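Visitor: Sharing a structure with you now.
We did not get these values from a lab; they are worked out from the coordinates using the rules stated. None of the values given here were measured: they were computed from a predicted structure.
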Amino acid sequence: MEFILLHSYVPGGEKRLKIKMDDLAKLLSSTRIRVSKALNEMQDKHWLTLHRGEIRIPDISLLKEHRDMRLSE
């Protein structure tokens, strides 16, 4: 999640990240399985949608709210 927030330069509108799961896992120094699980959990919460080679985030403020709540715990 932090990676997505750090790489979103425009505050409003839908965000689209054109990246393969393997490449994202490498950037995050993680495994494809862990990244896939985390992204699927976010998709289940309707924070983003996954498409072949692309992650779409309709409302980035939802991710920011979740991050801020986690940081305040």
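Visitor: Non-local amide H neighbours of ILE19 (under 5 Å, H modeled in plane, Pro and chain starts lacking H): which ones?
Guide: GLU54, ILE55
Visitor: For the chain, what does -39500 (n - 2.57) per DSSP helix run (n ≥ 4), summed and divided by total residues, give at 222 nm, in deg cm²/dmol to the nearest 500?
Guide: Only helices count here, giving -15000 deg cm²/dmol.
Visitor: Based on alpha-carbon atoms only, what is the radius of gyration of the stretch 2-72 relative to the globular estimate 2.2 N^0.38 Å?
Guide: Compared with the compact-globule rule of thumb, the stretch 2-72 sits at 1.06.
Visitor: Name the long-range amide H neighbours of SER30: under 5 Å, sequence gap of 5 or more, or other chain; modelled H, no Pro or chain starts.
Guide: Result for SER30 returns nothing.
Visitor: Can you list residues whose amide H is under 5 Å from LEU48's amide H, if they're 5+ apart or on another chain and H is modeled 1.01 Å from N?
Guide: Amide H neighbours of LEU48: GLN43.
Visitor: Now for a separate question. Who wins for biggest fluctuation among ARG56, ARG34, ARG16 in a Gaussian network model of the chain, springs between alpha carbons below 10 Å?
Guide: ARG34
Visitor: Now, a different point. How large is ³J(HN,Hα) for each residue in the stretch 35-52, as worked out from phi by the Karplus curve 6.51 cos²θ - 1.76 cosθ + 1.60 (θ = phi - 60°), to whole Hz, x for Gly and Pro?
Guide: Karplus-based 3J(HN,Hα) across the stretch 35-52 equals 5, 4, 4, 5, 5, 5, 5, 5, 5, 4, 8, 6, 7, 7, 10, 9, 10, 4 Hz.
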